[in-house]
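For reference, the structure discussed in these notes is given below.
We did not get these values from a lab; they are worked out from the coordinates using the rules stated. Every value quoted in this text rests on a predicted model; they were computed, and no experiment measured them. No Cβ is skipped: glycine too gets one built from the backbone with ideal geometry, and neighbour counts run over all protein chains shown.
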Amino acid sequence: MSDSGSSPPGAPTPRGPYDAPPWLGKRTRGGALGWIVTIVAVVLLGLLVWFAIANKAKPVDDAGGGFGPPGAGGPPGAGGGGGRPGGGKGGRGGAVVNTAVAVAGDMPVTVDALGTVTPTATVTVKTQLSGQLMSVAFTEGQIVKKGQVLAQVDPRPYQQALAQAEATVAKDRAQLVNARTDLKRYQTLLAQDSASSQQVDTQAALVGQLEAQVKADEAAAAAQKLNLTYARITAPISGKVGLRQVDAGNYVTPGDANGIVTVAEVSPIDVAFTLPEDVVPKVNAQLAHKARLAVAVYDRAQTMVLARGTLATLDNLIDTTTGTVRAKARFANTDGALFPNQFVNVELTVEVLKKAVIVPTSAVLRGQNGMFVYAVDSNRAVHIRPVVPGPAQGERTALVSGLAAGETVVTDGTDRLREGMTVSTPPACPPSAGGGAGGGWKKGAGSGSGSGGASAFAGRRGGGGAGGSAGCRPQPGPMGGAMGVTASASQSGAPAVGPAAGPAMAAGGRGYGPGAAPAGGGDGNGGGAGRLQAMLAELNLDPQQQQKADALFADAREQATGQLGPDADPDTRRAAMKKAYGQAFGKLSTILRPEQKAKLIEIRARMALQGAGGPGGGPGGSQGGGGGPQR
């Protein structure tokens, strides 16, 4: 007999809370848990397989630079984050590099030296008389002319001495007149045989003695007149007077060591420096042909040109202990920019190479077999070309042989190149140099702002910011003049050297992921170089200022990278670059005009509001965003 609560025969048995669904058959409670674990394992396995397939997908085209499945990157020209090197549309293409065209131009051959400003003439003004200094007629630091009265010594004692000398002259002249009269009488008596010859001779000797006495008296009187002239102390040369060594009212003598004041001739003025003996033959050859060798003088920081002049002469001996020869250059110094005994840096132009083949310095590399460049042919293939480098000046290097003008060389991204490899360059940035959509797995994963803002994060990897290292390259300005630093278009993040760029450049960082460098533009040279040149373009620098600015920031980069090892983390690199650039900005302000200084302050304030941790670049920089982090 069945229980009252049991189901009638043939009725379906109700399913408990831990029973499996009918389509799985009867399961125990433990079997239900196993079913849940199985489902989770299948889902995880599917995700892993999908992740592996996605990672093996080909990267998008070079312009997008994103890393993800085919078609996931941004459109051509978008400033995507860094992808795998050599990514191409529809397949694996060549490495993305920066290039420059070798040009024919004039390359000055210069020699740098340390010099000291020396006046053309320096005179210590002393009194030639002993007496009280009655007055001082100059102002300290005044420019005086030759013959101008500087001081007055009490003349009264010398006026009295002159009067005495003149009286002696008058007395002796009267005696001479009387002696000459007596001589004539004796000569008349001698003719009448009334006087002896001895008397005539004696009188003639007395006349000669008195004549000599009168001459001595006249010389003594002239000496007293000269003393009166010396009582008025005048400037012996034209120049600038120094500090007064004695005040009016003091008793001065010719033996005073310090004198009254020092006068230095400062216009024109000379600069003394030394040259290595190796350049002496070239300099002598130029001087023999009456050539005027140009000399430029810079301040101690080598940021400002103080004056320009010409080489005057070389010394006649070479110092055997140092292997150098002393040289002297002359400058007009009408504006007083050079100061006596000032320490300066001298740049002597020994010669100018006409129509030399000039390339960016970064394009010249050193290998086991010597110096070489990567030349790009018409098929976009690179070839190792041995070259013989000549003189270099800043970011420009002249090649003696191995390359012809008009050929294209690689300036950045050479660490990934091999002989015959096909390369590509990013498309030119638009004039606005604004941001673009970055590459990524999902639409908008790396979109940047109009000024190259920070990358957004979507999916497991975020795309780079606008103008990424594989995004676009700045539009170069005309070749010639100082070589500027353009934004990096390579995966390495190092700055490429090229012509001075236009007012807008973009260079961003790279995203994390396989084949990509750390976020934030690598070592900070990728995004920072573009922002730096954009800022310099806004300052409207003249060619001379641009050349000095390029040299300042090139030195800053070398200083920052030289202090770090190859294993330094990106944050440390950015901090070092920011510090070095900060010092360079301080030196840059010394060569700017007042309106340029005001513009520089405005630009730096705007950069600080946009973020990015300074000109060295950083994650999400305002001019080039870093890649999104991986998680």
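Some points to look at:
- HN-Hα J in Hz across the stretch 275-287 - Karplus 6.51, -1.76, 1.60, θ = phi - 60°, x for Gly and Pro: 10, x, 5, 5, 8, 4, x, 5, 5, 4, 5, 5, 5
- Peptides 356-368, 166-178 ordered by packing proxy, namely the average of other Cβ atoms within 10 Å per residue, highest first: 356-368, 166-178.
- The Rg/Rh ratio for the stretch 213-287, using Cα coordinates for both the radius of gyration and the Kirkwood hydrodynamic radius, is 1.28.
- For E351, nonlocal amide neighbours, meaning residues 5 or more places apart or on other chains whose placed amide H falls under 5 Å from its own, are V109.
- Restricting the calculation to Cα atoms, every distinct pair contributes to the Kirkwood radius of the stretch 98-198, found to be 22.9 Å.
- Ordered by the count of other Cβ atoms within 10 Å of each Cβ, fewest first, W35, W50 give W50, W35.
- The stretch 123-252 pair-distance distribution - Cα-Cα, 5 Å bins, rounded %: 2, 10, 14, 12, 11, 8, 7, 7, 6, 6, 5, 4, 3, 2, 1, 0
- Taking the Cα centre of the stretch 123-252 as reference, the dipole from Cβ charges on Lys and Arg (+1) and Asp and Glu (-1) amounts to some 580 debye.
- Each residue of the stretch 169-185 was assigned a 3J(HN,Hα) from its phi angle through the Karplus expression (A = 6.51, B = -1.76, C = 1.60, θ = phi - 60°), giving 4, 5, 4, 5, 5, 5, 5, 5, 5, 5, 5, 5, 5, 4, 5, 5, 5 Hz with x at Gly and Pro.
- Dipole orientation for the stretch 123-252: of the candidates T188, F138, L210, F138 has the Cα lying most toward the positive pole (charges on Cβ; Lys, Arg +1; Asp, Glu -1).
- Remark: for residue pairs K290/K355; K578/K599; K126/K290; K146/K548; K354/K548, the C-alpha separation exceeds 29 Å in K126/K290; K146/K548.
- C-alpha center-to-center spacing [the stretch 327-371, the stretch 237-287] in angstrom: 27
- The listed peptides 144-150, 312-318, 535-541, ordered by packing as a protection proxy, come out as 535-541, 144-150, 312-318 (highest mean of other Cβ atoms within 10 Å first).
- Gap separating the Cα centres of the stretch 175-203 and the stretch 122-156, nearest whole Å: 55
- Scoring 129-135, 153-159 by mean Cβ neighbours within 10 Å over their residues and listing the highest first yields 153-159, 129-135.
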